[in-house]
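**Q** Sharing a structure here in structure tokens format.
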């Protein structure tokens, strides 16, 4: 069986950043990803990132992706693409498939950076062709250069809903309406202003009641909600669209952590069931680390920082860094992470993360 | 929680719930304790076969045939859909050597009235077009059947409850009270219950229950790993076993002395398709304590064996894999009946891979023994004491 010092599962921003840290420390890394190309979601992020200069603010996502790939290549990281991992067995044997064949690789350490998946929404007509995740629509326009539809309704006003609406407009689609069940827009004001200026109708306190169509989406019925989030009779409104994009949050892709036997905590503000981990990103299974959206839904910049943390801690555990050197490096990453987790959105995540990490030291369970 | 009950049943698997059903049907007061959930042990981690022709001619087959008779009307009786289907089944024969053994096995089964015959490869392939051409033939019995083991457990539990049984889930029995050689009651994680009779239906965990009253039961957990495919169009007819499965079941020492990883894991084919279309591919038979992990070696060896016998499986996708702990006994027969020396203590466990097939008859026998003091056959061969007689040290 093939062996490697460190196996990283998921070649998105967290996995790539972790791989670079370990390779830089002199470790041998194998990076596995189910996709045809590495980079995760970075290559569809054509917008500029936020944060300070240290976080490469002002640089577009795909440019950051290109830089990470260049670094991994220079450092000699072994990348296995088209290689979906199906399980982690005893003694860190990782089972995956490639080219229709089952294969395995055994690692001394594993870092899971499997990311997240889009949440679905159930309503009559939700399985009609034309109803899709906003992330899927973003992949179509920004990676494959295919317009998913001409007249689009976006459901959900978090940052994903807002950014993808704007990018759909840029790609030439007409975003007819954006609806949000809460009384206020969920994402950043700066993103909302952009689509407002472009003339997109925004309906807060509204939800989708039904999607109508024979073989594909022909229109959507939306309905107003009262303070208790109950539909208000008589406020139904038909909107003619051919595409319905759903942007109602993400859930950590935690299957491999479950299969490996990690302990979990349920943290709704971070997206659901999260593998418990400490400040080194190490889980309840010694030698198994996690990073990125799997550890709580955030964004690419914090995913990269978590990847670096996991990478440094992993290198330290392999004796590639002294304790002092590792502490110094980790402190720098933590300072950047704390800076990213500021503002009303960031602080909520920082608190949830802190409580989650406290659990490893016997803290009270979080609801 | 009520503090008394005539009878306490320990274990919410198919055997415990069946026993609760038959006892309440006879008007007995029953409380059933299950430390996790219904069908959370082997009853929820097995295949769906009710196979008669895998049983040794003798009391084993006699039990299975009685159970099969009960199954025919069980769904209507329980008023719960259990996905029972009389599908027929076959045992695949790979070598002339196996053919000899199976000829003898089949002849002895026919003598006790089982409808079973030997087919050559051509006949076998007419029934089961997916079979590999290297096979010598198969057995065939129209009497084999399928059932959804989880629905069956739920069906028994629901019907028992309707008849007055109290079913206490997430309640662990942690002690058994006795005085002067008589059972007095049980201690549970939610309080004590006084009773006259305790029935140990804890499957692979039955020895742990028995230990609470200083009793040794020679049951060992034996892990069976099973693979589930995606839903596909009808492909597998009835239950399919391999002769090697039968060999693995009755001759564990052959397995342990082998160097072949597949044989060492006790891999023998067990194949069937659910009503939804998923194909269940089994199974291993391993002694690894109470470990229910699935292993990559198990996965590979099960698939190697299955695709060798039924090559068409190669094109299908696997969606899941699970493992259950079968309660193994040294002679392959379950332990059913009262225990000498401890009045009021009964065992109904140790069915290994036959728990689903034998669950109706087991519940019926236990209820007969408790209510009437006897049942339709002589069950002294199923008593726990049979092991003590053979081995005084046990």
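Every number in this text was worked out from the coordinates using simple rules, so none of it is lab data. Just so we're clear, the structure is a prediction, and the values are computed from it rather than from any experiment. Because the Cβ atoms are built from the backbone with ideal geometry, glycine has one as well, and the counts that use them run over all protein chains shown.
**Q** Which whole-number percent is the relative contact order of chain A (Cα, under 8 Å, 6+ apart)?
**A** Working: 821 pairs, mean separation 67.4, N = 367.
This gives 18 percent for chain A.
**Q** In which sequence would B:146, B:134, A:273 go, from the one with the fewest C-beta neighbours within 10 Å to the one with the most? Mind dumping the intermediate values first?
**A** Details: B:146 26, B:134 11, A:273 15.
So the ranking, lowest neighbour count to highest, is B:134, A:273, B:146.
**Q** Can I ask one more? For chain A, what does -39500 (n - 2.57) per DSSP helix run (n ≥ 4), summed and divided by total residues, give at 222 nm, in deg cm²/dmol to the nearest 500? Mind showing how you got there, number by number?
**A** Numbers: 9 runs with 115 residues, N = 367.
After summing the helix terms and dividing by the residues of chain A, the value is -10000 deg cm²/dmol.
**Q** Next question, about the same structure. Once the Cα atoms of helix B:14-25 and of chain B are each reduced to a long axis, what angle between those two axes, in degrees from 0 to 90 to the nearest 10, is obtained?
**A** The angle comes out near 50 degrees.
**Q** If you don't mind, another one. Could you calculate the contour length gain from residue A:70 to residue A:236, that is, 0.36 nm times the residue separation minus the distance between their Cα atoms, to one decimal place in nm?
**A** Details: separation 166, 0.36 × 166 = 59.76 nm, distance 5.19 nm.
Residue separation times 0.36 nm, minus the Cα-Cα distance, leaves 54.6 nm.
**Q** Using a simple spin-label model with points 7 Å from Cα along the Cα→Cβ vector, what separation in nm is obtained for residue B:162 and residue B:62?
**A** According to this spin-label approximation, the distance is 3.2 nm.
**Q** Shifting gears a bit: Would you mind calculating the relative contact order of chain B from Cα pairs under 8 angstrom and at least 6 residues apart, reporting the percent as a whole number?
**A** On the way: 912 pairs, mean separation 90.3, N = 394.
Relative CO of chain B lands at 23 percent.
**Q** From the Cα gyration tensor of the stretch A:71-224, with a ≥ b ≥ c the square roots of its eigenvalues, which class applies: rounded if a/c is under 1.5, or else prolate if a/b is larger than b/c, or else oblate?
**A** Values: a/c = 2.36, a/b = 2.00, b/c = 1.18.
Because a/c hits 1.5 or more and a/b exceeds b/c, the stretch A:71-224 counts as prolate.
**Q** If you don't mind, there's one more thing I want to ask. Using a Förster distance of 60 Å, how high is the FRET efficiency between residue B:69 and residue A:151, based on the Cβ-Cβ distance and rounded to 0.05? Mind showing how you got there, number by number?
**A** Details: r = 64 Å, r/R0 = 1.07.
According to the calculation, E is roughly 0.40.
**Q** Still on this structure, please answer the following. By count of other Cβ within 10 Å, fewest leading, how are B:73, B:229, A:243, A:207 ordered? It would help to have the intermediate numbers written out before the result.
**A** Values: B:73 10, B:229 21, A:243 24, A:207 17.
Result, fewest neighbours first: B:73, A:207, B:229, A:243.
**Q** Computed FRET efficiency, Cβ-Cβ of residue B:304 and residue A:269, R0 60 Å: what is it to the nearest 0.05? It would help to have the intermediate numbers written out before the result.
**A** Numbers: r = 47 Å, r/R0 = 0.78.
After rounding, the FRET efficiency stands at 0.80.
**Q** For chain A, compute the orientation-averaged projected area of the C-alpha convex hull (one quarter of its surface), in nm². Mind dumping the intermediate values first?
**A** On the way: hull surface 76.5 nm².
Orientation-averaged projected area of the Cα hull: 19.1 nm².
**Q** Right, here's the next one. At what distance in nm do the modelled label points of residue A:323 and residue B:340 sit from each other, each positioned 7 Å from its Cα along Cα→Cβ?
**A** Inter-label distance under the simple model: 6.4 nm.
**Q** Helix A:343-359: angle to the longest alpha-carbon principal axis of chain A, degrees 0 to 90, nearest 10?
**A** Once rounded, the angle reads 40 degrees.
**Q** Express the relative contact order of the stretch B:230-387 as a whole percentage, based on alpha carbon pairs under 8 Å and six or more residues apart in sequence.
**A** 17
**Q** Got a sec? Which residues in the stretch B:188-227 would a label at residue B:26 touch, if it sits 7 Å along Cα→Cβ and we count backbone N under 19 Å?
**A** B:195-202
**Q** How many nm separate the modelled label positions at residue B:76 and residue A:196, each set 7 Å beyond the Cα in the direction of the Cβ?
**A** My value for the distance between the label points is 7.0 nm.
**Q** What is the Å³ per residue value for the convex hull set by the Cα atoms of chain B? Kindly include the intermediate steps, with their values, before the conclusion.
**A** Values: hull volume 51.7 nm³, N = 394.
Looking at chain B, the number lands at 131 Å³ per residue.
**Q** Sum -39500 (n - 2.57) across every DSSP H segment of at least 4 residues in chain B, then divide by the residue count to get the 222 nm mean residue ellipticity, nearest 500. Could the numbers behind the result be given before it?
**A** On the way: 12 runs with 130 residues, N = 394.
About -10000 deg cm²/dmol.
**Q** Separate question: Sorted by packing (mean other beta-carbon atoms within 10 Å per residue), highest first, where do B:259-265, B:44-50, B:191-197, A:176-182 land?
**A** On the way: B:259-265: 15.6, B:44-50: 23.3, B:191-197: 17.9, A:176-182: 21.1.
The packing order, highest mean first, is B:44-50, A:176-182, B:191-197, B:259-265.
**Q** Moving to a separate point now. Report Rg(Cα)/(2.2 N^0.38 Å) for the protein assembly as shown, keeping two decimals.
**A** Working: Rg = 30.6 Å, N = 761, 2.2 N^0.38 = 27.4 Å.
Here the answer is 1.12, to two decimals.
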